[in-house]
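J.: Sharing a structure below in structure tokens format, with a few things to ask.
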Amino acid sequence: MHKTSASPLAVIYAGLLVYASLYPFSDWRYQGVVPWGFLTSPLPRYWTGFDVAVNVLGYMPFGFLLVLSARRSGRSWHTVSLATLLAGVLSLTMESLQNYLPARVPSNVDLALNVFGAWLGAMTAWALERLGMIQRWSRFRARWFVPDARGGLVLLGLWPLTLLFPAAVPFGLGQVLERLETALADALHDTPFLDWLPVRDIELQPLVPGVELVCVMLGLLIPCLLGYCIIRAMSQRALFVLLLFFLGLVSSALSAALSYGPEHAWAWFSLPVRVGMMTALVFVILLLWLPRRACVALVLLALGIYLSLINQAPTSPYFAQTLSTWEQGRFIRFHGLAQWLGWVWPYAALAYVLTQIAGADSKQ
């Protein structure tokens, strides 16, 4: 039996599928049809290649992760069939619930494509296991990472995805203060508790270049230090840093290109961003030798400073306006999933680091 990162990733991915299937979670109502009535409905007249690809590709990782989790945990009995069945049950449930959402349309074609995508993902995982690739990954993981690296690997695997939704500050994740204030004020509207909320004298102002530089630096330093917490050797840390910086650049450029147009792919790469990235690179090189426990303490300190600074920056309605008019931007937004990942990731990293500290203290 092995603790595998595939298990929590499968659970997280199932949650993302539920979110994407039931968004916007509003105006629930009974529309006079049985939930499973769409199964016998005529095939839709209009469909696009994009719709087919999204429905197939959307469920492929789920099937892949289910089989990978079962194989890594020592279970080998009909894993492909069970993974496909589980994905089919999930898709059938989501399509049935869409009957109660006027903004969503259940489809038997979507269900079939979802099941087919899950089967493709499950077969891919099964084929890789038969070819010995899973065992090679197990040996690679044992050689590179500490035994309790599962949570850190999940966070690092999700980090490039968090950058797909453009932020006010490059690599600026966890910017939620202004949104939370607005949501809380709306929830307490017309109640006496509204007066209890603190009121700022002035609105949040855009960050000055120096503070933006620090945010960019910490935005890259934090995932690097998180990797240092679970990677064994100094040479392996160095390779990891190169990969992380490359993924950060590619994800940010892809986000800008798909959201604002290909001609703006590098518009975010300003002087403060470049200096912040170079400063982060210098720091991570100097910290290559740092012991694991010191890395845990340093990433906790960096997260505290980073979240304090990034939440002093205002949000911009320009992002939403641009994404609403750009086809690929709507795909990257994917009903807000990428944005939610960007909001939650630093706080999940904070919780992970705190559990590592608590676990280390309990072992003493």
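J.: Does SER26 satisfy being polar (S, T, N, Q), at pLDDT below 85 and outside any loop (DSSP other than H, G, I, E, B)?
T.: For SER26, the condition - polar (S, T, N, Q), at pLDDT below 85 and outside any loop (DSSP other than H, G, I, E, B) - is not met.
J.: Does the stretch 177-214 hold any residues that are modelled with pLDDT of 75 or more and polar (S, T, N, Q), and which are they?
T.: THR191
J.: If I filter the stretch 121-134 for residues that are outside any helix (DSSP H, G or I), among the charged types (D, E, K, R) and touching a helix residue (DSSP H, G or I) at 6+ places or on another chain (Cβ under 9 Å), do I get at least one hit?
T.: So far as the stretch 121-134 goes, no, none of its residues is outside any helix (DSSP H, G or I), among the charged types (D, E, K, R) and touching a helix residue (DSSP H, G or I) at 6+ places or on another chain (Cβ under 9 Å).
J.: Restricting the stretch 292-338 to residues that are at pLDDT 80 or above and basic (Lys, Arg), which is surrounded by the most Cβ atoms within 10 Å (Cβ to Cβ)? Working first, answer last.
T.: Within the stretch 292-338, the first condition is being at pLDDT 80 or above, and the residues that meet it are 292-312.
From what is left, the residues that are basic (Lys, Arg) are 292-293.
Values: ARG292: 14, ARG293: 12.
Only one residue tops the list, namely ARG292.
J.: Have a look at SER91, SER96 and point out the one that is of a type in the set (Gly, Ala, Ser) and surrounded by fewer than 19 Cβ atoms within 10 Å (Cβ to Cβ).
T.: Result of the check over SER91, SER96: SER96.
J.: Here is a further query. Residue check: is LEU194 more than 21 Å from the chain's Cα centre (by Cα), among the hydrophobic types (A, V, I, L, M, F, W, C) and outside any helix (DSSP H, G or I)?
T.: Answer is no for this residue.
J.: Given SER255, SER251, SER259, which one is surrounded by 16 or more Cβ atoms within 10 Å (Cβ to Cβ), modelled with pLDDT of 90 or more and in contact with a helix residue (DSSP H, G or I) (Cβ under 8 Å, 6 or more places away or on another chain)?
T.: On the way: SER255 fails: modelled with pLDDT of 90 or more; SER259 fails: modelled with pLDDT of 90 or more.
Criteria check complete, one pass: SER251.
J.: Right, something else. So in the stretch 139-149, with the set limited to residues that are assigned to a helix (DSSP H, G or I) and surrounded by 15 or more Cβ atoms within 10 Å (Cβ to Cβ), which one is modelled with the lowest pLDDT?
T.: Per the criteria, the residue is ARG141.
J.: Next up: Which of the following residues is of a type in the set (A, V, I, L, M, F, W, C), assigned to a loop (DSSP other than H, G, I, E, B) and in contact (Cβ under 8 Å) with a residue 60 or more places away in the chain: LEU153, LEU173?
T.: The conditions single out LEU173.
J.: Also: I'd like to know if the stretch 217-234 contains one or more residues that are hydroxyl-bearing (Ser, Thr, Tyr), at pLDDT 90 or above, loosely packed, with under 13 Cβ neighbours inside 10 Å and in the same structural domain as THR182 (by TED's automatic domain parsing).
T.: Scanning the stretch 217-234, I find no residue that is hydroxyl-bearing (Ser, Thr, Tyr), at pLDDT 90 or above, loosely packed, with under 13 Cβ neighbours inside 10 Å and in the same structural domain as THR182 (by TED's automatic domain parsing), so the answer is no.
The values are calculated or read from the model by the stated rules, or taken from the named source; none is laboratory data. Bear in mind that the values here come from a model prediction, so they are computed numbers and not experimental data. All Cβ positions, even for glycine, are placed from backbone atoms using ideal geometry, and neighbour counts span all protein chains on display.
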